[in-house]
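A quick write-up on the structure given underneath.
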């Protein structure tokens with residue numbers, strides 16, 4: 001009598017929070033895609049490490065995409081001193097971590113890593129670039145990587161201060177080499193990663209970013225958001241958290257230049273302040289455009305849709321790339337896109353481009369995008385590019401599934 005084969009168990013790990021911007025929504029998108037394409041005989045479990053995805057997971061359960069028993073959580077009760085030493089914010093535990101670090105001692109695995117490593121999973125798939133993966137000692141894993149901007153742009157404090165550069169180098173190098181497969185969002189990133197880390201293997205899979213389904217399904221309205229009811233002038237929209245590399249200052253400088261030329265345009269920024277806020281606001285004040293640059297902070301998906309639909313254009317000014325999600329959201333919602341030149345490979349003819357170091361080229365693009373012919377051309381090109389990326393995404397998902405199939409034969 002033939003013995004039944006063991007089921008292939010795939011554990012999908014979600015990390016991050018709503019404050020991580022596009023990465024949060026892309027993690028959900030990656031989960032939805034994997035659930036959709038996975039063979040029915042795979043036993044899938046989902047681990048929400050921080051509990052940040054409860055509403056999204058509850059929606060998937062209600063829609064029939066997942067069952068409640070498929071959802072896992074890391075036990076919140078830590079029974080050992082080691083767990084408390086690793087995770088506690090208390091001063092005695094911080095002092096203990098410091099002492100062990102000075103002595104060159106390894107503290108041990110985090111509770112999440114130990115939970116994953118001792119689960120019944122055959123294969124673990126990190127749906128975002130979590131450093132937890134580097135701690136695993138037993139389970140083979142697929143890792144997701146979104147950028148190597150600490151190497152591309154090391155001049156920014158967010159990748160230099162507090163040992164961030166060294167930390168990224170350490171866990172990127174470990175995860176890339178240790179992973180059985182790595183999912184990236186563009187061929188350009190794959191080639192840059194292979195060159196930077198000396199990895200010339202077949203384990204890379206390219207699956208392009210996509211706009212979040214929550215934004216696509218939000219009810220669009222051409223009624224101005226409540227926060228902007230006092231603004232009658234056209235505005236440029238930039239949904240980006242306040243990091244220095246996001247380059248909000250260049251947009252403010254362009255708005256000031258437009259003002260000096262007699263044009264009345266505004267800028268709207270949304271996103272959490274990660275430390276660049278005071279310097280950006282100081283620059284806005286020195287330029288004399290505090291009445292034309294609006295900081296709205298974190299906003300809901302419904303508010304985001306409204307802000308997009310009423311914008312004169314989306315401006316993606318970031319130095320980090322070569323890909324970003326907001327331009328794809330602009331394509332999805334038929335909003336013209338202006339982007340820094342590093343995004344050309346991702347967006348092709350779907351955007352107007354400017355030098356991120358030069359506000360004059362941005363000003364020219366802001367004026368050019370006002371003409372009806374340019375707007376129509378950009379919107380049509382954006383939709384074509386989004387359709388092209390959807391085909392690339394489908395091919396990448398199939399390639400990932402094929403790779404998982406092959407791995408399942410080796411692992412079981």
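Rule-based calculations on the coordinates, nothing more; no lab input. Keep in mind it's a predicted model, so treat the numbers as computed, not measured.
Relative contact order of region 213-388: what whole-number percent is it, with Cα pairs under 8 angstrom and at least 6 residues apart?
Numbers: 312 pairs, mean separation 42.0, N = 176.
Contact order relative to length: 24 percent.
Against the chain, whose longest principal axis is taken from its Cα atoms, helix 301-310 shows a tilt of about 30°.
Semi-axes of the equivalent ellipsoid for region 285-412, computed as √(5λ) from the eigenvalues of its C-alpha gyration tensor and ordered from largest down, come to 34, 17, 15 Å. Relative to one another, the C-alpha centroids of region 273-323 and region 178-204 are positioned 32 Å apart. Rounded to the nearest 10 degrees, the inclination of helix 22-37 to the longest alpha-carbon principal axis of the chain is 50 degrees.
Over the chain, with a Gaussian network built from C-alpha contacts below 10 Å, which listed residue (118, 230, 245) shows the highest mean-square fluctuation? Of 118, 230, 245, the Gaussian network model singles out 230 as fluctuating most. On a per residue basis, the convex hull of the C-alpha atoms belonging to the chain measures out at 167 Å³. Comparing 17, 334, 300 in a Gaussian network model of the chain where C-alpha atoms under 10 Å apart are linked, the largest mean-square fluctuation is found at 300. Restricted to Cα atoms, region 184-283 shows a radius of gyration and a Dmax of 19.2, 56 angstrom.
Considering only beta bridges that DSSP places wholly inside the chain, some 0 percent are antiparallel. Going by a ≥ b ≥ c, the root eigenvalues of the Cα gyration tensor, does region 213-388 fall in the rounded group (a/c under 1.5), the prolate group (a/b larger than b/c) or the oblate group? Judged from the Cα gyration tensor, region 213-388 comes out rounded (a/c under 1.5).
Mean projected area of the Cα convex hull of region 238-342, taken over all directions, amounts to 6.4 nm². Once the Cα atoms are used to define both axes, helix 164-178 deviates from the longest principal axis of the chain by about 50 degrees. Build a GNM of the chain with springs between Cα atoms under 10 Å apart, and of 225, 326, 131 the one that fluctuates most is 225.
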